[in-house]
Amino acid sequence: MKPEPATAPHPAAILAIILASYFMILLDNSVIFTALPSLQEDLQLSTGELSWVQNAYTLVFGGLLLLGARAGDLLGRRRVFVFGLAVFSIASLLIGLAPEGWWAIAGRAVQGIGAAIVAPASLSLLTASFPEGRERTRAVAR
């Protein structure tokens, strides 16, 4: 017999935080695509550098996604989630303050690290915070 997961003390707050963080990760790619012309002009980026601004995030995110999920299993989902969110947020700030193109490229790679940590941790927090059945189905469907 499997033990039932404990019901979250504030399920609406937990769901809002998880959804907002996941939305932030998804929104980031849309924002960067919109900002590419401005980045190219402001930082004097070549076409190759501009493609690295786009792809650094995706390459690092895809490469570290399984490691981020495993870190959550070993170190604790909540701790890893908060750490990943901090990494992602600091990297976003660094990209916004980037004085040179390589800062933006490096910042996007660091953002990919944060996203690779936050994405699996947020999904596992959902399954751990809501008991199996109707509540979990509703939380995942949102």
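Quick notes on this one:
- For the chain, the solvent-accessible area with a 1.4 angstrom probe is 61 square angstrom per residue.
- Result for the chain in a Gaussian network model with C-alpha springs under 10 Å: among LEU39, LEU66, LEU74, the largest mean-square fluctuation is at LEU74.
- Coordinate range of the alpha-carbon atoms in the stretch 29-142 per principal axis, descending: 52, 27, 21 Å.
- Candidates GLN40, GLN111, GLN54: whichever shows maximal mean-square fluctuation once the chain is modelled as a Gaussian network with Cα springs under 10 Å: GLN40
- Contour minus Cα-Cα distance for LEU19 and GLU132 (0.36 nm per residue): 38.8 nm
- Prolate/oblate/rounded call for the stretch 20-59, Cα gyration tensor, a/c under 1.5 rounded: oblate
- Length released on extending from GLU41 to LEU97, taking residue separation times 0.36 nm less the Cα-Cα span: 18.7 nm
- Dipole moment magnitude, nearest 20 debye, the chain about Cα centre, only Lys, Arg, Asp, Glu C-beta charged: 720 debye
- Computed 3J(HN,Hα) for the stretch 52-63, one whole-Hz value per residue from the Karplus formula 6.51 cos²θ - 1.76 cosθ + 1.60 where θ = phi - 60°, is 5, 4, 6, 8, 4, 4, 5, 5, 5, 4, x, x, glycine and proline marked x.
- When the stretch 43-125 is described by a simple charge dipole with +1 on each Lys and Arg Cβ and -1 on each Asp and Glu Cβ, the residue from ILE95, ILE105, LEU125 located farthest towards its positive end is LEU125.
- Largest GNM mean-square fluctuation among ALA13, ALA69, ALA86, using the chain with Cα springs under 10 Å: ALA13.
- Each Cα pair under 8 Å and six or more residues apart adds its separation to the average, and for the stretch 35-116 the resulting relative contact order is 43 percent.
The values are calculated or read from the model by the stated rules, or taken from the named source; none is laboratory data. Just so you know, these numbers come straight off a predicted model, no measurement behind them. Cβ: placed from backbone, ideal geometry, glycine included. Neighbour counts: every protein chain shown. All accessible areas refer to the heavy atoms of the entire protein, side chains included, with ligands and DNA or RNA removed. Shrake-Rupley method; radii C 1.70, N 1.55, O 1.52, S 1.80 Å.
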